[in-house]
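What follows is calculated from the coordinates using simple rules that are stated; it is not laboratory data. The structure displayed is predicted, hence computed values, not measured ones. Here the Cβ positions follow ideal geometry from the backbone for every residue, glycine too, while neighbour counts run over all protein chains shown.
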Amino acid sequence: MKVIYRDWDKIVFGLLLCIFVVSLFLFSKEGAAYQNTMTEKEALLNCTGESRNRREPLSRDSGNALLKEIEEGALEGFAKSGKRNIFSYPRSKKSADSERDREIAPVLEVQEIGYKPLEIEYRGRIVFEDGTLIAQVNFHDRSYLVSIGSRIAHYTVRHLTKRSISLQGSHREVTKIPYRTATYSDELIATIKEHTSGRTLTVGIDSVFFGYKVLDIDEDYVLVSRQGQHLRLEKGMVH
């Protein structure tokens, strides 16, 4: 026993030394494993970076798999956050307003129905001493000096007096225009007001306005069609 007590300090020192050696060995092993892990991660990152720099094209299977992962991640984020799907396009306020405006039917009123005025007017005349007569005719805001046989656009002067001028058109129809008197054709036109926008339009047969097409015009009504449906617009009534 005395020998044991005498060598007690050596025994304790030996035990501590063993514990230190074992601990050092374990820490060295863990450090090596950690170093290997970091080396592998660094190599993986370098490989990924090189792949991005090369911008190698994905195969069809790889691309489909990557797209599926992105979509699943986006949908999962949508379910968790409660926000809209990032792959959907929101409707802008402008497009929504445009659709609402198309759904609102125009409010129409036929204000006037009458015959279309001709754009030709017998405005002046010159009489020479020998009886020769020259007429001033206005057509499309331009003035012409004409005599019998002269041409104005697709019209030919067939008869000329101090009181009137007769013009023959390309279809051989003859139009008589009195001196300084408004002249109208046989075609009816209508003045229509749209109350929602406040616009007023003059339309004839085959005219298109606010989505309607004019089919016929009578002295008391205008017949129009829209999306295969016919509507009779009575003069003086709001539709």
Of all GluC sites (Glu not before Pro) in region 157-219, the ones in DSSP coil with at most 15 other Cβ atoms within 10 Å are Glu173, Glu219
Fewest to most Cβ atoms within 10 Å: Asp218, Asp130, Asp206 sort as Asp130, Asp206, Asp218
Cβ density ranking, 10 Å radius, fewest first, applied to Glu121, Glu112 yields Glu112, Glu121
With the 8 Å Cα cutoff and a minimum separation of six or more residues, region 119-182 has a relative contact order in percent of 28
Quick calc of log₁₀ I(q)/I(0), region 119-182, Debye, one scatterer on every Cα, no solvent, q values 0.11, 0.18, 0.19, 0.20 1/Å, result -0.21, -0.57, -0.63, -0.70
